[in-house]
Amino acid sequence: MTNILAIARRILLQFAHDKRTLALLFIGPLIVLWLLSVLLGAGAYSPRLATVGLPAGFQAALEQQDARVFLAGVAEAEAMLRDDEADAVLSMHDSTTLDIWVEGTDSTKTAAVMSAVSSALSDARKAAADDMGATIDQKRDELTERQAEAKARQEDMRAVLESVTLTLPDAARAQLPPELAELLEDGSSPLDADLSDMFTLDITDFMPVQDVEVSYLHGNEDWKMFDFYGPVFIGVFLFVFVFLTSGMSLVNERGAGTMTRFLTTPVKPAQVLGGYTLGFGFLALLQSSIILWVAITFIGFPNEGEVWLVVLTAVSLALVSVTLGLLISGLASNAFQVIQLMLLFVVPQILLSGIFGLSSSPQWLQVLSKCLPLTYGVDALRAVMLRGAGLMDICMNLTVLWGFIALFFVLAALKFRKKSARRI
């Protein structure tokens, strides 16, 4: 028991002297838990709907739903949908058919659109039923009143006719038309049929939307949630595994003394990092190609774009991870600290990259996500694989990724040079 306590005491003292490890042990998990609380505490997604010339009643019902509704022209609505500023465009295909044109890549957003439209149609039908009931009651009252008036006029007419016929001789009375005789005998009114003709309703006056047609800008109705998150998983897996491999490798080489022997040669620190980046970049190329081939061919991930563009994006993202791993390895003293620093530098990027929708999150969190390289890599992969984007469509994303590569490489070289100078 004494030996066990001695070993436990040694471990605790080791952590107590390692302030960085001790701080990361508590700060990392707290930051991740806080981010999860913000992301998962956001409200339900509110779909963005661009409406073009909808009937006033249905438009009013749609605006009462949990959705962001934008009135737009045809060209403006199409541009919003293609630029991912709207999840669907709603317009009337004809006088009775509602046309829903959804963006289609995210089945969750498509379901939110259909739910909002279904609720609006239900509310509109309920309002139409109330209006029709009120109109029917009004017409029934008008019909009853007019029938009463017609009946009164008929009674007056019959009284006049009776008084006239009483003054006629019997021979003249026998020659009266049969209809007039029937009127005098039973009091039936030929006006009843005429009055009932006024009791007609056109249902389109109350509920113009009788049918719904759905079309897709990208994908189709068979796309599932996993298809939308496929590019996210590819980007995240590449980023995490390459980061761990590159970060651990440099730390292990430094611990084994290999890096010290390197620095006694004419090789410069930047050349060492350049060699690591090039070597891991080649491995990332092989890894990306194999993962994408298996994911598309066997797993069934959709890919609407060029395969070489997907590989280029994946390799660019992997190189960002390589240089970040080299930078983190310069900050870490051992492999254990690399894992801890991963909680600060990698896990928040994963949470904000697209696994969780950020449209309902605070604005500052959306801005923060745009400052992280993994977000640009995942967005580019989604654009190519799900929307068939070309090189010009994702050139900004690739530019940002290569900007991060240059930044992390320079910072890693400076940190590596300082650490080497201290050892010398």
### Query
Using a Förster distance of 56 Å, how high is the FRET efficiency between ALA75 and LEU344, based on the Cβ-Cβ distance and rounded to 0.05?
0.75
### Message
Assuming 0.36 nm per residue, please report the length gained on full extension of the stretch SER215 to MET392 beyond their Cα-Cα distance.
### Response
61.1 nm
### Residue-span extension gain [PHE241 to VAL307] - 0.36 nm each, minus C-alpha spacing
21.6 nm
### Task
May I ask you to derive the FRET efficiency for LEU283 and ASP141 from their Cβ-Cβ distance with R0 = 60 Å, giving the value to the nearest 0.05?
0.10
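None of the figures in this text is laboratory data; all of them are computed from the coordinates on show. Note that this is a predicted model, so its numbers are computed, not measured. Note that each Cβ is placed from the backbone with ideal geometry, even for glycine, and that neighbours are counted across all protein chains shown.
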